[in-house]
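The values are calculated or read from the model by the stated rules, or taken from the named source; none is laboratory data. Keep in mind that this is a model prediction, so the values were computed, not measured. As a convention, Cβ positions derive from the backbone with ideal geometry for all residues, glycine included, and neighbour counts pool all protein chains shown. Accessible surface areas use protein heavy atoms only, side chains included; no ligands, DNA or RNA. Shrake-Rupley method; radii C 1.70, N 1.55, O 1.52, S 1.80 Å.
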Amino acid sequence: MKRDDAIAEINGHCLLMRSRLLSRVLTAIYDEELRPFGIGSPQFALLVIIRTIEPATRAEIGRFHHQERSTLTRNLKVILAEGWAEEMQDAAAGRGRPLKLTKAGKDLLRKGKPAWQVAQERAKTLLGKDGTAAVMAIADRIMDPTSRT
């Protein structure tokens, strides 16, 4: 296979390139809708994750959402600085300092929900019914601890 043929094959069939494109476009939709609340989509999603599994250590959050440490740390820094989450100082020894949402973080999720709903509808329109179902099914399978090998 010639070099140009290899590049053409990668360009035309690469799941990585397609999934990263999809991620950037969807992120931009949610960022645009959440901007008036002073939060980006990665931080908003992280607030939802923390609320879902709280109290949770950084390691538990990272495992739950398949997020690497530096990205998680960068987003947690914003969330903690804004006062949307806090570390629990009285946590059991050896467990690290679990995080939980503050009242401000919970309020932000409630107030931001209508903007999230608008973004969700825009994303569903972009993906179409079958695309939406496929993305949800794939993500659900990845997050299901019983499906891990």
Exercise. Rounded to the nearest 10 degrees, what's the angle between the helix 15-34 long axis and the longest principal axis of the chain, both from Cα atoms, 0 to 90?
Key: 50
Practice problem: Would you compute, from DSSP H runs of 4+ residues alone, the mean residue ellipticity of the chain at 222 nm, taking -39500 (n - 2.57) per run and dividing by the full residue count, rounded to the nearest 500? | Solution: -24000 deg cm²/dmol
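With +1 on each Lys and Arg Cβ and -1 on each Asp and Glu Cβ, how big is the dipole of the chain about its Cα centre, in debye rounded to the nearest 20? Present the calculation step by step, with values, prior to reporting the outcome.
Details: 25 positive and 18 negative charges, 32 e Å.
The dipole magnitude comes to about 160 debye.
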Self-check item: Reach of Lys111 by Cα under 28 Å, taken over lysines that are not fewer than 8 positions away in the same chain
Solution: Lys77, Lys100, Lys103, Lys124, Lys129
Quiz item: Roughly how many nanometres apart are two label points built 7 Å out from the Cα toward the Cβ at Arg69 and Ala139?
Solution: 2.7
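Give a quick list of GluC sites (Glu not before Pro) in region 17-123 that DSSP marks as loop, anything other than H, G, I, E or B, with at most 10 other Cβ atoms within 10 Å. Mind showing how you got there, number by number?
Working: sites: Glu32, Glu33, Glu60, Glu68, Glu82, Glu86, Glu87, Glu121; in loops: Glu68, Glu82.
Sites meeting the loop and neighbour criteria: Glu68.
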Quiz item: Rounded to the nearest 0.05, what FRET efficiency is calculated for Ile53 and Glu121 with R0 set to 25 Å and r the Cβ-Cβ distance?
Solution: 0.40
Quiz item: Within the accessible area of the chain, what % is carbon and sulfur when the probe is 1.4 Å and the other protein chains stay in place?
Solution: 57
Quiz item: Angle, helix 103-143 long axis vs. longest principal axis of the chain, Cα atoms, 0 to 90°, nearest 10?
Solution: 30
Quiz item: Long-range amide H contacts for Ala56: which residues qualify at under 5 Å (H placed 1.01 Å from N, peptide plane, sequence gap of 5 or more or a different chain)?
Solution: Leu99
Practice problem: Bin all alpha-carbon pair distances of region 3-143 at 5 Å intervals from 0 and give each bin's fraction as a whole percent. | Solution: 2, 9, 15, 19, 18, 15, 9, 6, 4, 2, 1, 0
Quiz item: Using Cα atoms only, what is the angle between the long axis of helix 3-13 and the major principal axis of the chain, expressed in degrees (0 to 90) to the nearest 10?
Solution: 60
